[in-house]
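Inspection log for the structure reproduced underneath, given as structure tokens.
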Amino acid sequence: MKVSYDREVDILYIKLTDATIEESDEEKPGYVIDYDANGSIVGIEIMNASKSVTKPNSVELAIA
């Protein structure tokens, strides 16, 4: 998994796999979900991230 944040355009992207994106859907305004050929989620894009996420430029990892 890879998380990236672009301050210039205020977009946070969470990449879950390296699979090729076959389809993208904007489930709700400002939230795009990318899918592979099997319908599995490849990544999640959050536009205007600074308004939706407390600290878009930091990541906390918790392993249970």
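Step by step: first the residues of region 1-41, then only those that are closer than 20 Å to ASN57 by Cβ and among the β-branched types (Val, Ile, Thr), then the one that is most open to solvent (accessible area, probe 1.4 Å). Which residue is that? Only one residue tops the list, namely VAL9.
VAL59: under 14 Å from the mean Cα position of the chain (by Cα) and modelled with pLDDT of 95 or more, yes or no? Against the criterion (under 14 Å from the mean Cα position of the chain (by Cα) and modelled with pLDDT of 95 or more), VAL59 does not qualify.
When you check LYS51 against the structure, is it out of contact with any helix residue (DSSP H, G or I) (no Cβ under 8 Å at 6 or more places or on another chain) and assigned to a helix (DSSP H, G or I), yes or no?
Yes: the conditions hold for LYS51.
Scanning region 42-64 for residues that are open to solvent by 100 Å² or more (accessible area, probe 1.4 Å) and hydrophobic (A, V, I, L, M, F, W, C) yields a count of 4.
The values are calculated or read from the model by the stated rules, or taken from the named source; none is laboratory data. Note that the coordinates shown come from a computational prediction; the quantities given were computed from them, not determined experimentally. Every residue, glycine as well, gets a Cβ built from its backbone with ideal geometry; the counts of neighbours run over all protein chains shown. Ligands, DNA and RNA are excluded from the accessible area calculation, which covers all protein heavy atoms including side chains. Shrake-Rupley method; radii C 1.70, N 1.55, O 1.52, S 1.80 Å.
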